[in-house]
Amino acid sequence: MKFLTQVAPFIICANSHAIFQRLVVNGVDQGRLKGIRAPESTEPIQDVNDVDFACNKNIIYEDGSVVAVPAGAEVGAWWAHGIDGPLYPNDVHHPTAASHKGPIMVYLAKVDDAVSANQNSKSALDWFKISARGLNYGIWAVDELIADGGWYNFTMPSCVPPGQYLMRVEILALHNAYAPGGAQFYMECAQIQVEGGGTKKPSSLVKFPGAYNATDPSILLDIYDDFGRPTNGGKPYKIPGPEIFYCIPVGVGNVADDAGVFLEH
């Protein structure tokens, strides 16, 4: 079976994980773990039905802050190999291992109070996707994140209704996704207040857990070709979950959404 020789180099990187831990809004750094719910551990969740699938488990960092994000703002989410950055000098797996190919997604859930909102209340929180990048001409979103020093940049849609939200930023690592339960999910949630905004209501709402199925073809797949290249065999890759929330109708073809993210090829 072709994956036996392909994945051997990646098993060494089993602990090359990452944590979302910093926000920049319109160029202003919000500070270390400001408004972000984060664990100490960088371990992934691999069960899509895990009760903690929304915002991760064993949360120990919660500072009670709510980050103001104007509608239409440029937002940066920073990932690192450990809390505060590299785990050791010359950490080659910072911000995450190059083997951890996969998409990156951002979701919002409207809440009354972002600080007290129960992230595990599956029945209460409805999530919608506002940004996503997957595989574009052989380059994965995680490749771009590594090249950008751990940053995933996107635009808060200008039409999002104002109010408080949990913002879920997620990496899906597919290097071991050839086997059931092999996909690795990394996620943390930020507590934000969208200011300004519009009145457009999202229609593609999902629950966590519940939005993903372990056998979804975007979660259970072998991304390596016959030469061991992680290009999904030259085939398009469909990002899991609902469609992205758009402020303007999206036509057919290579059209950028409100967040400046291009549709997948």
Helix-derived mean residue ellipticity, 222 nm - over the chain, DSSP H n ≥ 4, -39500 (n - 2.57), to 500: -1500 deg cm²/dmol
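Take each of the peptides 169-177, 139-147, average the number of other beta-carbon atoms within 10 Å over its residues, and list them starting from the highest.
For the peptides 169-177, 139-147, the packing ranking is 169-177, 139-147.
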³J(HN,Hα) computed for each position of region 75-80 - Karplus, 6.51 cos²θ - 1.76 cosθ + 1.60, integer Hz, glycine/proline x: 10, x, 10, 9, 10, 9
LYS57 versus LEU205: modelled label distance in nm, points set 7 Å from Cα along the beta carbon direction: 2.8
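Checking the table LYS57/LYS238; LYS57/LYS235; LYS101/LYS200; LYS34/LYS238; LYS200/LYS238; LYS101/LYS207 against a 30 Å threshold on Cα-Cα, which pairs fail?
LYS57/LYS235; LYS101/LYS200; LYS34/LYS238
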Label assignment, mean projected area of the Cα convex hull in nm² derived from the structure, set [x] 17.2; [y] 15.7; [z] 13.3: [z]
Cα-based reach from LYS129 at 13 Å (exclusive), listing aspartates and glutamates while leaving out same-chain residues under 8 positions away: GLU170, GLU243, ASP257, ASP258
Calculated from backbone phi, Karplus (6.51, -1.76, 1.60) coupling profile of region 229-244 in Hz, x at Gly/Pro: 8, x, 10, 6, x, x, 8, x, 10, 8, 5, x, x, x, 5, 5
ASP84/GLU195 FRET efficiency (R0 30 Å; Cβ-Cβ; nearest 0.05): 0.55
Amide H contacts of GLY197 (H built 1.01 Å from N, under 5 Å, at least 5 apart or other chain): ALA71
Order by protection proxy (mean Cβ within 10 Å, highest first), peptides 210-217, 131-138: 131-138, 210-217
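Values in this text are rule-based calculations from the coordinates and carry no lab data. Everything numeric in this text was worked out from a predicted model, so none of it was measured. Cβ coordinates were reconstructed from backbone atoms using ideal geometry, including for glycine residues, and neighbour counts include every protein chain displayed.
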